[in-house]
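All remarks here apply to the structure that follows.
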Amino acid sequence: MSEADTKLYQPDAETAKSAYVAGMEAYQALVAEAEADYEGYWGRLAKELLSWKQPFTQVLDSSNAPFFKWFADGKLNASYNCLDRNVENGKGDKTAIIFEADGGEVTKVTYKDLLERTCRLANALKAQGVKKGDRVVIYIAMSIDGVAAMQACARIGATHSVVFGGFSAQSLRDRIEDTGAKLIITADHQVRGGKQLPLKAIVDEALSLGGCDSVQKVLVVKRSGAGVAMTEGRDVWMDEALAGQDAVCEPEWVEAEHPLFLLYTSGSTGKPKGVQHSTGGYLLHAALTTKWTFDLKDDDVFWCTADIGWVTGHTYITYGPLALGGTEIVFEGVPTYPDAGRFWKMIQDHKVTVFYTAPTAIRSLIKAAESNEAVHPKSYDLSSLRILGSVGEPINPAAWEWYHQHVGGGRCPIVDTFWQTETGGHMITPLPGATPLVPGSCTLPFPGIQAAVVDETGKEVPWGQGGILVVKKPWPSMIRTIWGDPERFKKSYYPEDFKGQLYLAGDGAIRDAKTGYFTITGRIDDVLNVSGHRMGTMEIESALVSCTELVAEAAVVGRPDDTTGEAICAFVVLKRPRPSGDEAKAIAKQLRDHIAKEIGPIAKPKDIRFGDNLPKTRSGKIMRRLLRSVAKNEAVTQDTSTLENPAILDQLGQAY
Ligand code: 7RM
């Protein structure tokens, strides 16, 4: 984009005046404060935003870098901060959660209700033998029970690990084994888009796959009531576990560094990494970013459409909005059921003021709205909205403009928030009352975050030149380690190339030559982003080659897709002759089903192309960059002189 066509959207006068961070000077003052006294800045905010049982005396401990510690001698409890203190501050009768079920049924819970529910659940967990430091895996759909289960773990100092309900038994098993969880919280079923899908049966299957000896109990929430198998001595209905439990539970005061949760995310190599987050630093950034990025005020109705199985649901459903005593929507269903107007109808019905969703959802709803007036945002009253947010992948300017004009009525700032599972909360994002917006740019770092774009040696590149996105200083909500693999943590995020001094995000970025605004140019590793879901190409390749009766070799790359951002494209060499026609279709289906079983339906490749071989160098390395061109149906313009078998490119190019 040339500077001449860069269109700036200034914050509206009202937001610029009333926002927590009101105006660019206010933003710059915070940035300057953090630069002048980094620890003083974070220490001040940690005292202002969180309630501590025991105050901390040291802000940052870098003595064992990159294993940084924040507020280490302070003690607190996350669930106390999200629930009790709101009740104590007179918000007991305020609605904490407005839950809307797939079928449209609405349930509201107040802070007092949610606290009691959490306490009873916490007591039930204790009664089942869960103690501070134990891990609890949560495999459940979007629900009040899901949020309460996370809060209950936090309350007793158990570390939760939520596994997204779309993951398969095999993936669930891997995560259970890696965490060594003592207990699993699940439901009989989940209901999405009018369909009832199993959860408990998948837990049973996961446990039957072996390696999960740590699991002693499975608590089962009744969602469908449709009946599931219960294993005597292991499985307990949640209702029975809760019966007779006290509605009061003294919080376990934990050290600020105590692991609040583990969340698995895909990396560039083999198996997913258990990202470990702390209690104090994480909760601070969850609360602070919710406050400043969304300008969340007492009378707002906040709706983050993410699932609690992803980090966005952790930070901007379970922790951030509740830590601020806000009112939020929890939605069980999908954006297209009963029709693609569901989001707009819910915004209208609940008078949502701050709405946070993913570009992929926006793009699919644009398509639907273009062919059907009834599901177009203009058919709904969206006048309650004041701030819009985007997360998970780059938002293309056309989708941005549509979101701005048709959903936001041209008056709502869009905060395009760049962050990651590992960062715990927003890293680069506009602040709605301060930052002039440019469609497609996540603009400037959150105050206190020191982001930069560097070359391979770690040297900052001039604005206007693309490079590698890094963070120069540790920040409170950063990943603490990879569960059980500290070496991998160091190698992945504090690589030797940068002398262990810079946090490597794994994304490329470029800063605008004039404004210094950041634009994320996409992953620089083998991680794909499909509908905002992060997936490692290696993971999908291993799943393919694990189909040993069929697959000899496989390579997976991403290609651009109008709706999902990226699409998965698999190149497969079979152990039998290269199939064509109906046979190719049947085998492709078999492979997709296999991947759904190994990882989950979200990892199914959109394209599967069969070849006699893959493009390889003379030393046998698969040349993935050539496959990326083939996947896009582009002519291969790269240098192919090192290619052992150039003819294979034509074959793969035609194999579609
Ligand atoms: C929150 C989340 C992280 C990866 C990240 C990027 C991409 C996320 C944006 C974005 C451009 C954005 N966590 N990403 N947000 N790219 N603009 N606003 O998504 O761990 O699942 O994914 O997602 O590549 O590294 S995540």
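The values are calculated or read from the model by the stated rules, or taken from the named source; none is laboratory data. All values derive from a computational prediction rather than experimental measurement. Here Cβ is always computed from backbone atoms with ideal geometry, including for glycine, and neighbour counts include all displayed protein chains. For accessibility, only protein heavy atoms count, side chains too; no ligands or nucleic acids. Shrake-Rupley method; radii C 1.70, N 1.55, O 1.52, S 1.80 Å.
Annotation note: trypsin sites (Lys or Arg not before Pro) in the range 15-76 located in DSSP loop regions with a Cβ neighbour count of at most 16 within 10 Å are 53.
Grab the other residues whose beta carbon is less than 15 angstrom from that of residue 65, score K and R as +1, D and E as -1, and report the net. So the surrounding residues net to +2.
Among 218-226, 386-394, how do they line up by average Cβ neighbours within 10 Å per residue, starting with the highest?
Details: 218-226: 18.3, 386-394: 23.3.
Highest mean packing first, the order is 386-394, 218-226.
Just to confirm, what accessible area per residue do you get for the chain at 1.4 Å probe, in whole Å²? Could you put the intermediate results ahead of the total?
Numbers: 24690 Å² over 656 residues.
In whole numbers, the chain has 38 Å² accessible per residue.
Under 1.5 on a/c is rounded, so check that first for the range 146-224, then, if it is not, pick prolate when a/b is larger than b/c and oblate when it is not; a ≥ b ≥ c are the square roots of the alpha carbon gyration tensor eigenvalues. Here the range 146-224 falls in the oblate category. Protein heavy-atom surface of the chain, 1.4 angstrom probe: 49% of the accessible area is carbon and sulfur, with nucleic acids and ligands not counted.
Kindly state, to the nearest 0.05, the FRET efficiency for residue 47 paired with residue 127, given R0 = 35 Å and r defined as their beta-carbon distance. Kindly include the intermediate steps, with their values, before the conclusion.
Numbers: r = 36 Å, r/R0 = 1.01.
Using R0 = 35 Å, I get an efficiency of 0.50.
When a/c is below 1.5 the answer is rounded, else prolate if a/b is larger than b/c, else oblate, so apply that to the range 189-281 with a ≥ b ≥ c taken from the square roots of the Cα gyration tensor eigenvalues. Oblate, because a/c is 1.5 or more while a/b does not exceed b/c. For residue 589 and residue 248, a Förster radius of 56 Å and the Cβ-Cβ distance give a FRET efficiency of 0.55, rounded to the nearest 0.05.
Can you pull the one-decimal nm distance between simple spin-label points at residue 499 and residue 521, each 7 Å off the Cα toward Cβ? With each label placed 7 Å out from Cα toward Cβ, I get 2.5 nm. Taking Lys and Arg as +1 and Asp and Glu as -1, the other residues whose beta-carbon sits under 9 Å from that of residue 536 total -2.
Note on residue 8 and residue 628: the model spin-label points, each 7 Å out from Cα along the C-beta direction, lie 3.3 nm apart.
Highest mean first, the peptides 619-628, 283-292, 308-317 sorted by other C-beta atoms within 10 Å per residue fall in the order 283-292, 308-317, 619-628. Annotation: average projected area of the range 276-339 is 4.8 square nanometres, based on the convex hull of Cα atoms across all directions. By definition, a body whose alpha carbon gyration tensor gives a ≥ b ≥ c is oblate when a/c is 1.5 or more and a/b is not larger than b/c, and the range 1-146 fits this oblate description. Under the criterion of Cα pairs below 8 Å and six or more residues apart, the relative contact order for the chain equals 13 percent.
Rounded to the nearest 0.05, what FRET efficiency do residue 64 and residue 378 give with R0 = 60 Å and r taken as the Cβ-Cβ distance? Could you check? Walk me through the intermediate numbers first.
Details: r = 56 Å, r/R0 = 0.93.
Computed FRET efficiency for residue 64 and residue 378 comes out at 0.60.
In the chain the Cα-Cα distances spread across 20 Å bins starting at 0 as 18, 54, 26, 1 percent of all pairs.
Can you check how the C-alpha radius of gyration of the range 305-450 compares to 2.2 N^0.38 Å, as a plain ratio? Could the numbers behind the result be given before it?
Details: Rg = 14.7 Å, N = 146, 2.2 N^0.38 = 14.6 Å.
Compactness ratio reported: 1.01.
Taking the centroid of alpha carbons for each part, the range 420-479 and the range 239-308 are 23 Å apart. Could you let me know the centre-to-centre spacing of the range 485-510 and the range 368-416, using Cα atoms, in angstrom? So the separation of the two Cα centres works out to 36 Å. Its convex hull of Cα atoms gives the range 511-656 a direction-averaged projected area, equal to a quarter of the hull surface, of 10.2 nm². Taking only the Cα atoms of the range 202-256, the ratio Rg/Rh comes out at 1.07, with Rh defined as the Kirkwood radius. Net charge in the neighbourhood of residue 519 (other residues with Cβ under 11 Å of its Cβ; Lys, Arg +1, Asp, Glu -1) is -2. Cys residues of the chain that find no other Cys beta carbon under 4.7 Å: 82, 153, 212, 304, 412, 442, 547, 569. Here's the list of lysines a cross-link from residue 182 could span, going by alpha-carbon distance under 18 Å and ignoring same-chain residues fewer than 8 apart: 126, 131, 132, 200, 217. Relative to its Kirkwood radius, the Cα radius of gyration of the range 332-374 gives an Rg/Rh of 0.94. For the range 189-231 and the range 42-68, what is the separation of their C-alpha centers, rounded to whole Å? The distance from the Cα centre of the range 189-231 to that of the range 42-68 comes to 39 Å.
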